[in-house]
Amino acid sequence: MRNIVLFIFSLFLFTACSTKQVNNTNETKTQIKTETTQVVQSDDEEFDDFEEEFEEEVQQNDFDPLEGYNRVMTTFNDYVYLNVLDPIASGYKYVVPTPVRTGVSNVFDNLLFPVRFSNNLLQLKFANATEELGRFVVNSIWGIAGIMDPAKTELGWEEHDEDFGQTLGYWGVGEGFHVVLPILGPSNLRDMVGLVGDSYVSPLNSTGQSDLPYKLRTNAVETAATFTLRQVNQFSFTTGQYKNLTKDSVDLYPLLKSVYNQRRENQIKE
Amino acid sequence: MNKLFKLIFVAIFATTSLFAIQKENIEKDMEKRIATIIDILKQKELTLENKEEKIIKAIDGVFDFRLMSRITLGKNWKKIDETQKAEFIEAYKKKLEKKYFANLKDYNGQEIKVVGTDSVISKKSGKAIKNRLLLKTELVGDKKFEINYLFYKNKKTNEWSVYDVTAENISILKADKAEFSSFLSSKPIDELIANIKENNKK
């Protein structure tokens, strides 16, 4: 009797072994659904979890008093991006070598230190603010007026990009409603206030030059020229990305609005 | 005698628990697929169409297109019939595949790193959602470009599938949902399906 039981027991062990082997190789296949078994009815119950995950987007964006204007401006911006900015940036990219464009980008980034520094402070992110200060000093001196970024490459000090819109968002100010700005693209009421706030602190314009001694531009024309250079230079790094994002869109305005809102949310959180 | 039966009992259950689904397999599986994708991207003899076809084959089995379709249509899903659902899934699947390939082909030859896994955090509660997994990957080039895959576990089948992909932490499904929701507020589903099909041909 005992021998028979032992025999059966050992049989079980062996069958277990063989199925275990087969299952291990099949595990990855069965774990990840194959195409043919795809049409499985998703349970209504199971779907409720997802509904919660994705529902808030729709509710947040319900208040849109400027929708008409926003749609028109989106179409206008789309035309300008594809037919003006993109060709110019592509031409610029063709003519200006990458290291130079990177240098230009770095110089601008370095100059915008006051914006990042003040907003990190306003969000009580003191460690980040200190790192920003360190970056500014190191890059201005050893980076030759900001052309290079030794603070990052040598010291590993990352940039902490904060702006006044993010500061307001950090302290709980809601976005208000969506506004599409000419050329600048999607924004919202809170971030527009943010732009105004930042322009006061930024050295790249003439706003508040009577109060702040470090302003580099003296009038609107200079400001516009500087702004254009920065935009074109920045855009030259991402040629094709806008087109990729938008070419298959069935409704451009809500797409760009969703992308912008998601990005801002991520920026405010970090 | 009893002891032996108990031993058998335990032995059988011990072996069956070894078949339990392990999340770690997702990372390895995706690493394999991504390695295949990188190889395909590097092959200069292949045409773009060929590459697209092969890459889609390499990644297709992971996505739950039916669920993704349902998510992007939101409340409109229940308003359409089975034929329309099938058509939409087919069209949307093609759209996603094209977009996926479009994002990759510009980074040809660059390294795609699987960074690791994480949990998916609920925005409402701030806690990790059960039966979800976030797989982080990075396209390493001049700038790092993050592509993350959100996996969910089907409670019935215990299989893990992708229900969302994020590029630089921007959810593709959320953006599509915003688009479709706006479109369908004034136009019928058939027009949306036709539109998507038309764009797929370009």
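Averaged over the residues of B:148-160, the number of partner chain Cβ atoms lying within 10 Å of the residue Cβ comes to 3. Could you list the residues of the range A:152-170 with an amide nitrogen less than 19 Å from a label point located 7 Å from the Cα of residue A:124 in the Cα-to-C-beta direction? From the range A:152-170, the list is A:162-170. Straight Cα distances below 17 angstrom link residue A:152 to the lysines B:143, B:144, with same-chain residues fewer than 8 positions distant left out. Taken residue by residue and averaged, Cβ atoms of other chains lying within 10 Å of the Cβ of B:178-187 number 6.
Derived scalar couplings between HN and Hα for the range A:133-149 equal 4, x, 4, 4, 5, 4, 6, 5, 8, 6, x, 6, 6, x, 5, 10, 10 Hz in order, rounded to whole Hz, by the Karplus curve 6.51 cos²θ - 1.76 cosθ + 1.60 (θ = phi - 60°), x for Gly and Pro. In the range B:110-186, Cα pairs under 8 Å separated by at least six residues give a relative contact order of 21 percent.
For the residue pairs A:93/A:215; B:75/B:174; B:153/B:174, alpha carbon separations beyond 24 Å are given by A:93/A:215. Each residue of the range B:70-78 was assigned a 3J(HN,Hα) from its phi angle through the Karplus expression (A = 6.51, B = -1.76, C = 1.60, θ = phi - 60°), giving 5, 5, 6, 7, x, 5, 6, 4, 6 Hz with x at Gly and Pro. Just so you know, the Rg over Rh for chain B is 1.07, from Cα atoms, with Rh as the Kirkwood radius.
Working from label points 7 Å from Cα in the Cα-to-Cβ sense, the residue A:228 to residue A:92 distance is 1.0 nm. Most tightly packed first, judged by the mean number of other beta-carbon atoms within 10 Å of their residues, the peptides B:54-63, A:224-233 read B:54-63, A:224-233.
So how much accessible surface do A and B hide from each other in total, probe 1.4 Å, in square angstrom to the nearest 100? Adding both sides of the contact gives about 5500 Å². Mean per-residue shielding of peptide B:120-128 is 2, counting Cβ atoms of other chains within 10 Å of each Cβ.
FRET efficiency for residue A:133 and residue A:246, Cβ-Cβ distance as r, R0 = 56 Å, nearest 0.05? Here the calculated transfer efficiency is 0.90. Under 18 Å of direct C-alpha separation, and excluding same-chain neighbours fewer than eight residues apart, residue B:57 reaches these lysines: A:29, A:33, B:28, B:32, B:42, B:93, B:94, B:95, B:98, B:99, B:105. Size of the range B:163-202 from its Cα atoms: along the principal axes, largest to smallest, the extents are 30, 25, 15 Å.
The values are calculated or read from the model by the stated rules, or taken from the named source; none is laboratory data. Owing to the predicted nature of the structure, the values given are computational and were not obtained by experimental measurement. All Cβ positions, even for glycine, are placed from backbone atoms using ideal geometry, and neighbour counts span all protein chains on display. Accessible surface areas use protein heavy atoms only, side chains included; no ligands, DNA or RNA. Shrake-Rupley method; radii C 1.70, N 1.55, O 1.52, S 1.80 Å.
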